[in-house]
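Contents: one structure, followed by commentary.
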Amino acid sequence: MNNGNIVEIKDLKKGYDKGRIIALNGININIKKGEFVSIIGPSGSGKSTLLNMIGALDTADRGLISVAGNNLTEKKDLSDFRSKEIGFIFQLHNLIPNLTVLENVIIPMYGTGLKGHEMVSRAIELIKYVKLHDKANRNPTELSGGERQRVAIARALANNPSIILADEPTGSLDSKNGQMILQRLKELHEKENVTLIMVTHDLKVADMAQRTIEVLDGKVQN
Amino acid sequence: MSFIKLMAKNPFRNKARLTLAVVGIAIGIATIVALGMVTEGLKVSIEEQLKAGGADFVVMKNTSSESSSYTIKDNRVDEISKINGVKQAAGIYTSSRVVDGNQLGLAGISVKDLNMLGAKMIQGNAYSDDKNELILGKLAAEKMKKKVGDTLTLNNDKYTITGIFETGNKELDATGVLPLKMLQAMDENNGKVHFIYVKINNNADLKAVSQAVEKAYPGELTTISSIEDFQKANDSLNMVETASMAISLLAIIIGGIGIINTMIMSVFERTREIGVLKAVGWKSRRILGMILGESVVLTLLSGFVGILLGVVGIEAIIMFSDMAMVLTFTPALALKALGIAVIVGIIGGIYPAIRASRLPPTEALRYE
Ligand SMILES: Nc1ncnc2c1ncn2[C@@H]1O[C@H](COP(=O)(O)OP(=O)(O)OP(=O)(O)O)[C@@H](O)[C@H]1O
Ligand SMILES: [Mg+2]
């Protein structure tokens, strides 16, 4: 990693179904540390695939991908990398329904060496940050869509990641709740200097970012 | 929240499935516990009977010998009583009859040897060897509603009850004891006994005397002074144990298959969730541990339910069927049941756990 780039991608290719589907067809991107980037493009163009590669949820067929100083094409066990560097926010909150808000936020902290009470106080801090402290002991099923997505933000921040990857985080919300989520994310980027990479369909939302990358048929458009 | 609490919480998400799985495995565990109580009880009862009276050891037919008969010629009784160190030898013949619809165990012993049974007369007196008389165990008398002076019909002959006795052993107390000659005649087995109870002199050595008896009748007779000796000489207890082990194994296999099924369904339903756990940085090992842990929580719970079910079940069966059977529940049996439950949990959980831990995260997250 050099010249302040936290993400460096060169000629990244990824196919599915034994190469019958080409999801990424030679991607080249650099993203600076602390940058807020949005990714747009039509459905099926490869946005989610690209985001998942940056988060090391999937491995490349060809090309180079380096994130926060880790060469992801070489590493075998990527769970530590994900735990330390990445915070994911999905379109659907994906919270665990039988656990409370507090417990959901604690989930990523297992195996990080934190003691039980340290986990709890860290989780409470994060729940306060997303303004849900009065609902810490509720189950996700008792929350509104916007509140659930706020819990997902708190969960993504659990291990103090250097990069937040958000895949259409407002996609399932109405505009008022969507605005609130975006406000939180923007604040996070501005105050905490977190690198934020966000996939969206909405051009107005994409405009909030410092830079917009457009993906089409598995390639970056210039 | 600790990781253990997380594992303990998950099986309760689907209550209907949890109940089904727990009932399935609990029945298996209950079978193991019930059979264990029966075999343990059998051992305890045999041991009690061995130790009941004044007998120091019991002589039995060596069943591995040529003849398959269990009976001993009763002239052996006199011969054994003359062996050095032997104080008293008593021949015992055992049988059973259905009396007024009740199965009644019978023991024939000469009145002068009654001391060997360890029976205490609580009502009336002992019988006379040459009369149609008998004494009843306390439990047998209660069950048949008989008292001293009443009569019993055995093989069309009337027998007068001269006394009621008690030994403290449930099985012995449910039997009737009568003159040896009478019982032998009833079975047309004159001159034959099943056991010879032997009492030794105060200064004699138990081992030396019992070995002297075995040496006098090589291959024909064997002596028993402990449950271990009994098991060596008599296949019946071993057979009961083997049968109960086979049934237990079957219960475990059925329970194990049930658990595999339950856990595979649970993993399948939570595919997306497992993808999220991987996305937040959980190692495959932790996911494996969680599913395996959930499986063990499930079977351990089934273990406790099964123990309760087994104890209550077998006690009820014995009570309602009026069987004179000693049941023994030991902590070792409870531990064995829980141990088996844990093993079933691990064996049944391992495949679903491996499957969960190997789910590719992106595919898991795409799962609808
Ligand atoms: N695990 C997979 N197996 C097979 N094909 C896949 C898989 N993941 C993605 N694809 C395919 O790869 C292509 C790119 O998918 P991707 O999810 O990255 O698109 P996207 O830009 O995020 O679309 P959307 O806006 O609808 O979310 C699509 O054709 C998709 O069907
Ligand atoms: Mg997508």
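Since every read-out is calculated from the coordinates, none of them should be taken as a lab result. On a predicted model such as this, the values are computed, not experimentally measured, just so you know. As a convention, Cβ positions derive from the backbone with ideal geometry for all residues, glycine included, and neighbour counts pool all protein chains shown.
In whole percents, the pair-distance distribution calculated for segment B:57-224 from its alpha-carbon pairs, binned every 5 Å from zero, is 2, 9, 18, 20, 18, 14, 11, 6, 3, 0. DSSP beta bridges fully contained in chain A are about 55 percent antiparallel.
When the square roots of the Cα gyration tensor eigenvalues are ordered a ≥ b ≥ c, the ratio a/c for segment A:27-100 is 1.5 or more and a/b does not exceed b/c, which makes its shape oblate. Placing unit charges on each Cβ (+1 for Lys and Arg, -1 for Asp and Glu) gives segment B:188-319 a dipole about its Cα centre, and among B:THR222, B:VAL296, B:VAL280 the Cα reaching farthest toward its positive end belongs to B:VAL280.
Hey, for a label at B:ASN203 modelled as a point 7 Å past Cα toward Cβ, could you say which residues of segment B:75-98 have their backbone N under 12 Å away? Hits in segment B:75-98 for B:ASN203 at 12 Å: B:85.
Quick check: from the Cα gyration tensor, does segment A:5-220 come out rounded (a/c under 1.5), prolate or oblate? Prolate shape, in that a/c is at least 1.5 and a/b is the bigger ratio. For the segment B:269-279, counting C-beta atoms of other chains within 10 Å of every residue's C-beta and taking the mean gives 5.
Over chain B, what relative contact order in percent results from Cα pairs under 8 Å that are six or more residues apart? Once normalised by length, the contact order is 29 percent. Of the residues A:THR200, A:GLY44, A:LEU78, the one whose Cα sits farthest towards the positive end of the charge dipole of chain A is A:LEU78 (charges of +1 on Lys and Arg Cβ, -1 on Asp and Glu Cβ, taken about the Cα centre).
Each Cα pair of the protein assembly as shown feeds into the Kirkwood radius, which the Stokes-Einstein equation turns, at 20 °C and 1.002 mPa s, into a diffusion coefficient of 71 µm²/s.
Straight Cα distances below 14 angstrom link B:LYS120 to the aspartates and glutamates B:GLU166, B:ASP173, with same-chain residues fewer than 8 positions distant left out. Rounded to the nearest 20, the Cβ-based charge dipole of the protein assembly as shown about its Cα centre (Lys and Arg +1, Asp and Glu -1) stands at 2020 debye. Computed over the Cα atoms of segment A:138-222, pair by distinct pair, the Kirkwood hydrodynamic radius stands at 13.9 angstrom. Between the Cα long axis of helix B:235-269 and the first principal axis of chain B there is an angle of about 10°, rounded to the nearest 10. Partner lysines whose Cα lies under 20 Å from the Cα of A:LYS10, excluding those fewer than 8 positions away in the same chain, are identified as A:LYS32, A:LYS33, A:LYS47, A:LYS75, A:LYS76, A:LYS219. With 20 Å as the limit, the listed pairs A:LYS135/B:LYS283; A:LYS176/A:LYS204; A:LYS84/A:LYS131; B:LYS43/B:LYS73; B:LYS61/B:LYS199 have A:LYS135/B:LYS283; A:LYS84/A:LYS131; B:LYS43/B:LYS73 beyond it between alpha carbons. Using only alpha carbons, segment B:1-142 has a radius of gyration to Kirkwood radius ratio (Rg to Rh) of 1.24.
Within the straight-line cut-off of under 20 Å between alpha carbons, the lysines reachable from B:LYS131 are B:LYS112, B:LYS146, B:LYS147, B:LYS158, B:LYS181, B:LYS192, sequence neighbours fewer than 8 places apart in one chain being disregarded. The angle between the Cα long axis of helix A:175-192 and the main principal axis of chain A comes to about 80°, on a 0 to 90 degree scale. Reducing segment A:1-80 and segment A:144-217 to their Cα centroids gives an inter-centroid distance of 18 Å.
In chain B, taking the dipole from charged Cβ atoms about the Cα centre, the farthest positive-side position among B:THR63, B:SER321, B:ASN261 is held by B:ASN261. Taking the convex hull of the alpha carbon positions in chain B and averaging its projected area over all directions gives 24.6 nm². Relative to the longest principal axis of the Cα atoms of chain A, the long axis of helix A:145-156 lies at roughly 70 degrees. Taking every residue in A:74-81 and counting other chain Cβ atoms within 10 Å of its Cβ, the average works out to 3. Note on A:GLU118/B:GLN103: beta-carbon distance plugged into 1/(1 + (r/R0)^6) with R0 of 51 Å gives a FRET efficiency of 0.15.
Distance from the Cα centroid of segment B:254-286 to that of segment B:99-143 is 64 Å (rounded to whole angstrom).
Among B:ARG285, A:ARG155, B:ARG270, what is the fewest-to-most ranking by other Cβ atoms within 10 Å? Let's see the in-between values first.
Details: B:ARG285 12, A:ARG155 29, B:ARG270 21.
Least crowded to most crowded, the residues run B:ARG285, B:ARG270, A:ARG155.
By the count of other C-beta atoms within 10 Å, a proxy for reagent exposure, B:HIS194, A:HIS93, A:HIS201 are ordered fewest to most as A:HIS201, B:HIS194, A:HIS93. Connecting C-alpha atoms closer than 10 Å in a GNM of chain A, tell me which of A:LEU57, A:LEU92, A:LEU165 has the biggest fluctuation. Answer for the Gaussian network model of chain A: A:LEU57.
When DSSP beta bridges are restricted to pairs lying wholly in the protein assembly as shown, around 65% turn out antiparallel. Dipole magnitude for segment A:158-222: computed about the Cα centre from +1 point charges on Lys and Arg Cβ and -1 point charges on Asp and Glu Cβ, it is near 140 debye.
Could you please rank B:THR153, B:THR271, B:THR299, placing first whichever residue has the fewest other Cβ atoms within 10 Å of its Cβ? Write down the numbers at each step before the final one.
Values: B:THR153 11, B:THR271 16, B:THR299 33.
Going from least to most buried by this count: B:THR153, B:THR271, B:THR299.
Under a point-charge model restricted to the Cβ atoms of Lys and Arg (+1) and Asp and Glu (-1), what is the dipole moment magnitude of segment A:5-220 relative to its Cα centre, in debye to the nearest 20? Intermediate values should be presented prior to the final figure.
Working: 29 positive and 26 negative charges, 22 e Å.
Dipole size: approximately 100 debye.
Per residue of A:143-149, other chain Cβ atoms within 10 Å of the residue Cβ number 0 on average.
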